[in-house]
Amino acid sequence: MSDTKPENLVARIEEASTPAQKLKRLLGNQEVMLIVVYALMVLVFSLLNPRYFSTAAFGNILQDFGPIMLMATGMTFVIITGGIDLSVGSLAGLSGVCAALTIRATTANGMAPALSILLGILTALCVGLIVGTINGLLITKVGLAPFIATLATMGACTGSTLVITGGVQIAGAPSAVVQIGNTRFLGVLTWPLVGVLLILISFALILTKTKFGRHTYAIGSNSFAARVAGINVNRHLMKVYLIASLLASLAGMFVYFRLGSGSPATGKGGELQAIAAVVIGGAAMTGGSGRVTGTALGALITTSVLSGLILVGVEPNAQQIVVGALIAFAVAVQTMGQKNKD
């Protein structure tokens, strides 16, 4: 009796393929394509400015990659369900300044730095919990479209940050904050960055190996069918928007540790960069597809492009134009690819 298991059929097909067919299949893999694009990009920027190909430059790129990756990880789950979260950038800013105020106040009252920093992190997570709950309720209970609901909270977070700070940075952090955020080991790593990488791995496994991940794909593919299959769609969406907000709050903390102060400008444009990372990583804006590993490569490409442009002398304010162009290009490539399949 012949073996008809899908995995064994795939293995037999791969064994029968010629080397040319295997190479074509390998180059057709989205993540392999992204790695090739990244390598070409590094080559071009290194030729334009040799300082780009250095440990110091790569370390700085990874520091920019950290908060974008946190926001993009949550955005990956949101976009796979067919939604969008425009509030993540402004929420990162609000969480960072609230944490900075907490740490400054507790430090001034003589609290030990470790406990003060812990309270600051909890404050940031509480802010994320509140905003994520509001986003989830507006979408699942009030029935607002994700774009409208998160646009409203984006405006509220931006306004709250400016009211709280008066537009100035919140200083007064203990020296331990700067040490944690800027002390490098192995040339490029910091402890907050190690935390980001662990979170990245954890959520990649959650998305691909757990029932929660399967339900996320099912809702994005067909929410009606997901309901018929017994999935509590509203409760799942609440959890997804909470994840996105909590990770955005941690992005705010990442920037706080890096700067040693709470800046009202933290997270500005972060939602665009997060969306760009997810779309470049292969997720469809219509939902139902996407991977955290692809998003990680997308975030690395996005931050590397922006760093490269600065090193070759492009005006920093042009970054938003570049990010917008990357999103448009990635969506256009996806659309053309889908038409070719059809």
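Side notes on the structure shown:
- Note on F53 and L115: the extension gain reaches 18.4 nm, defined as 0.36 nm multiplied by sequence separation minus the Cα-Cα distance.
- Here the scattering of the chain is modelled by Debye summation over its C-alpha atoms, one equal scatterer each and no solvent; at q = 0.08, 0.11, 0.13 Å⁻¹ the log10 of I(q)/I(0) is -0.41, -0.76, -1.03.
- Chain lengthening between K209 and R184 when straightened (0.36 nm per residue, less Cα-Cα): 5.7 nm
- The peptide list 80-88, 112-120, put in order of mean Cβ contacts within 10 Å with the highest first, becomes 80-88, 112-120.
- Summarising the amide proton neighbourhood of S289: residues at separation of 5 or more, or on other chains, whose placed amide H is nearer than 5 Å comprise A284.
- The portion of the accessible surface of the chain made up by carbon and sulfur, rounded to a whole percent, is 69 (1.4 Å probe; DNA, RNA and ligands excluded).
- Computed over protein heavy atoms with a 1.4 Å probe, the accessible surface of the stretch 153-246 works out to 53 Å² per residue.
The values are calculated or read from the model by the stated rules, or taken from the named source; none is laboratory data. These figures come from a predicted structure and were not determined experimentally. Glycine also receives a Cβ, built like all others from the backbone with ideal geometry; neighbour counts cover every protein chain displayed. Areas reflect the complete protein model, heavy atoms only, side chains present, ligands, DNA and RNA absent. Shrake-Rupley method; radii C 1.70, N 1.55, O 1.52, S 1.80 Å.
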